[in-house]
Amino acid sequence: MKHQIPTHRIGAESMAISELELPSVGEARTHYQTVKARFLNINSWELFAGKEKAEFSLRDEYGKLSLEKPKVGNYISIKIPLLHNPDDEGMDWVKIEVCEENISDEEESNYIRVRPASKPGNSTDEITHFLNNDATSNFIIKRNGCKVTAEVIARNEVPNTKDKTVLEKLRNKIVAFGGMLLGSKIQWEGLTNGLIEYEK
């Protein structure tokens, strides 16, 4: 990848990884196209993540729902089940800062990096997310030979408590520490498994 995953410096980190070995390179290439279509359709991620997981919506720079492929400068709104954000219509917001694709004969990869952000259109830069903006979530799919892999790597996860009400601080700590304690199992394993699932 041209861009590197940020170094872990502070707070919590986690990783979810799912792998699938196909019988041939040709089958792996074909399946990777299916995985890539799922990966780039962020509005459908909840379908692959399984029941009672977060809802994801791709948004343009104005916060409007987008049906296009993700790109740098887009946002993703996230609704956490049971513990909706009381600050803004139940949504947490992240901004896409890296969106790249790499292709060679033996390898293919797609990488999306997001960082907690203010909801587009807000009058302040206050972060609308349960983590502060040191955190990143790094979403990667790749094919190497016959193997197809999906990964989510979270780095520098620190609860967002700056300029928040007592209720907002409590909610953000609960959601953040819940994710930190249970790691990828509560956050991303369902998504990585669903993205690479092989349908005969």
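Coordinate-derived values only; no laboratory data. Predicted model, so just to flag it, every value in this text is computed and none were measured. All Cβ positions, even for glycine, are placed from backbone atoms using ideal geometry, and neighbour counts span all protein chains on display.
I'd like the trypsin sites (Lys or Arg not before Pro) in the stretch 7-53 restricted to DSSP loop residues with at most 11 other Cβ atoms within 10 Å, sorted by number. Working shown, then result.
Working: sites: 9, 29, 36, 38, 51, 53; in loops: 9, 51, 53.
Listed in order of number, the matching sites are 9, 51.
Select from the stretch 32-83 those chymotrypsin sites (Phe, Trp or Tyr not before Pro) which occupy a DSSP coil region and have at most 12 other Cβ atoms within 10 Å, ordered by residue number.
Sites meeting the loop and neighbour criteria: 62.
The stretch 102-137: which GluC sites (Glu not before Pro) are DSSP loop and have at most 13 other beta-carbon atoms within 10 angstrom?
106
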